[in-house]
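Engineer: Here it is: the structure, laid out below.
The values are calculated or read from the model by the stated rules, or taken from the named source; none is laboratory data. From a predicted model like this one, the values you see are computed outputs, not experimental measurements. Heads up, the Cβs are rebuilt from the backbone with ideal geometry, glycines too, and the neighbour counts pull from every protein chain shown.
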Amino acid sequence: MSFSRHHPSDLVETSTFDAKRGRRGRPPKEPDDEPPPDRQINLTDPDSKLMRRSDAHEYRQAYNAQAVVCAEGSQLILENGVVATTADAPSFAATILGMEERIGLPRTVLADTGFASGKAVETLQASGVDPLVAIGRPVNRRPYDFRPEPPPREPRRITEPWRLEMKARLQQNPAKALYALRKQTVEPVFGIIKSAMGFTRFHLRGLPNVATEWTLVALAYNCRRITRLTAA
């Protein structure tokens with residue numbers, strides 16, 4: 001497959017410890033009951049959120065549509081979902097485990113760095129699913145990008161044990177060879193949906209309606225794909 005708690009106690013501390021300064025600071029301020037005047041909301045579709053694909057793209061009022069695609073050759077969409085957040089990781093485990101009642105759980109799941117979550121990896125492994133998730137990647141400037149060079153940034157230091165273990169796995173076969181299938185498996189599916197099928201925007205409003213629309217798009221893609229596979 002390819003594919004993104006704290007209990008109160010009776011004892012309350014009235015100040016917080018600032019680890020950087022080595023002294024106690026002000027206690028956190030309680031959130032206001034009313035939203036600030038500069039808070040934005042979409043009046044026609046309050047479920048949608050302002051999102052952008054990366055720092056190089058503009059903001060758009062959008063949803064985050066996701067798909068689980070078979071990486072064994074068929075490229076059929078096996079599961080899909082829509083979330084109203086740019087974060088992929090929170091819905092990762094739930095999307096995969098949702099397949100259990102329909103077609104069964106996969107043995108291995110391939111996901112990009114946006115789905116990297118220790119909790120999700122642990123949950124999937126406990127259910128017998130082996131997730132292979134990318135742990136960061138270098139940012140390569142495109143040859144036609146003539147903007148000024150951004151200031152150099154220190155690479156993120158990886159310290160979490162599960163991330164170190166996952167990164168080491170993906171540098172060796174067979175995990176490395178398996179993960180290479182992700183890009184050539186799932187990216188063409190979205191390309192076909194956008195270019196060949198002409199679906200570039202949602203036409204309905206509200207998260208439940210948008211989720212239904214995305215399911216219909218996935219169904220239409222599968223029908224098209226099955227027709228091509230049968231003809232071949």
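Engineer: Could you list, in sequence order, all residues of the range 177-201 that are touching a strand residue (DSSP E or B) at 6+ places or on another chain (Cβ under 8 Å) and under 19 Å from Val82 (Cα atoms)? Don't jump to the end; show me each part of the working.
Structural biologist: Taking the range 177-201 first, the residues touching a strand residue (DSSP E or B) at 6+ places or on another chain (Cβ under 8 Å) are 178-179, 181-182, 185-186, 189-190.
Those that are touching a strand residue (DSSP E or B) at 6+ places or on another chain (Cβ under 8 Å) and under 19 Å from Val82 (Cα atoms): Val186, Val189, Phe190.
Engineer: While we're here: Restricting the search to the range 201-222, which residues are among the hydroxyl-bearing types (Ser, Thr, Tyr) and closer than 13 Å to Leu78 by Cα?
Structural biologist: Of all residues in the range 201-222, those among the hydroxyl-bearing types (Ser, Thr, Tyr) come to 212, 215, 221.
If the condition is that a residue be among the hydroxyl-bearing types (Ser, Thr, Tyr) and closer than 13 Å to Leu78 by Cα, then Thr215, Tyr221 are the ones that fit.
Engineer: I'm told Ser9 meets every condition in (1) assigned to a loop (DSSP other than H, G, I, E, B); (2) at pLDDT below 80; (3) touching a Lys or Arg at 6+ places or on another chain (Cβ under 9 Å) except one. Can you identify the failing condition by its number?
Structural biologist: Just one mismatch for Ser9, condition (3).
Engineer: Please enumerate the residues belonging to the range 59-76 that are over 18 Å from Asn209 (Cβ atoms), polar (S, T, N, Q) and surrounded by fewer than 19 Cβ atoms within 10 Å (Cβ to Cβ).
Structural biologist: Answer for the range 59-76, where residues must be over 18 Å from Asn209 (Cβ atoms), polar (S, T, N, Q) and surrounded by fewer than 19 Cβ atoms within 10 Å (Cβ to Cβ): just Ser74.
Engineer: Which residues, counting only those in the range 79-117, are more than 20 Å from Leu207 (Cα to Cα), of a type outside the set (A, V, I, L, M, F, W, C) and surrounded by 14 or more Cβ atoms within 10 Å (Cβ to Cβ)?
Structural biologist: Keep residues of the range 79-117 that are more than 20 Å from Leu207 (Cα to Cα), which gives 97, 99-117.
Still in the list and also of a type outside the set (A, V, I, L, M, F, W, C): 100-102, 104, 106-108, 112-114, 117.
Selection gives Pro106, Thr108, Asp112, Gly114, Ser117.
Engineer: For the range 120-138, does any single residue satisfy the condition of being under 15 Å from the mean Cα position of the chain (by Cα), at pLDDT 90 or above and in a helix (DSSP H, G or I)?
Structural biologist: yes
Engineer: Out of all the residues in the range 46-58, is one or more of a type in the set (Lys, Arg), exposed (fewer than 10 other Cβ atoms within 10 Å of the Cβ), modelled with pLDDT of 70 or more and within 30 Å of Arg228 (Cβ to Cβ)?
Structural biologist: no
Engineer: Could you tell me whether any residue of the range 110-119 is of a type outside the set (Ser, Thr, Tyr), in contact with a Gly (Cβ under 9 Å, 6 or more places away or on another chain), closer than 18 Å to Leu178 by Cα and in a loop (DSSP other than H, G, I, E, B)?
Structural biologist: Our first condition is that a residue be of a type outside the set (Ser, Thr, Tyr); within the range 110-119, this holds for 110-112, 114-116, 118-119.
Keeping just the survivors that are in contact with a Gly (Cβ under 9 Å, 6 or more places away or on another chain) gives 116.
If we keep only those that are closer than 18 Å to Leu178 by Cα too, we end up with 116.
Subset that is in a loop (DSSP other than H, G, I, E, B): 116.
The answer is yes; a qualifying residue exists.
Engineer: Hey, Ala218 hits all of (1) under 23 Å from the mean Cα position of the chain (by Cα); (2) surrounded by fewer than 14 Cβ atoms within 10 Å (Cβ to Cβ) but one; which does it fall short on?
Structural biologist: The one condition Ala218 does not meet is (2).
Engineer: Based on what the data block shows, is Arg201 within 19 Å of the chain's Cα centre (by Cα), of a type outside the set (Gly, Ala, Ser) and exposed (fewer than 11 other Cβ atoms within 10 Å of the Cβ)? Please lay out each step first, then the result.
Structural biologist: Values: within 19 Å of the chain's Cα centre (by Cα): yes; of a type outside the set (Gly, Ala, Ser): yes; exposed (fewer than 11 other Cβ atoms within 10 Å of the Cβ): yes.
Spelling it out, Arg201 is indeed within 19 Å of the chain's Cα centre (by Cα), of a type outside the set (Gly, Ala, Ser) and exposed (fewer than 11 other Cβ atoms within 10 Å of the Cβ).
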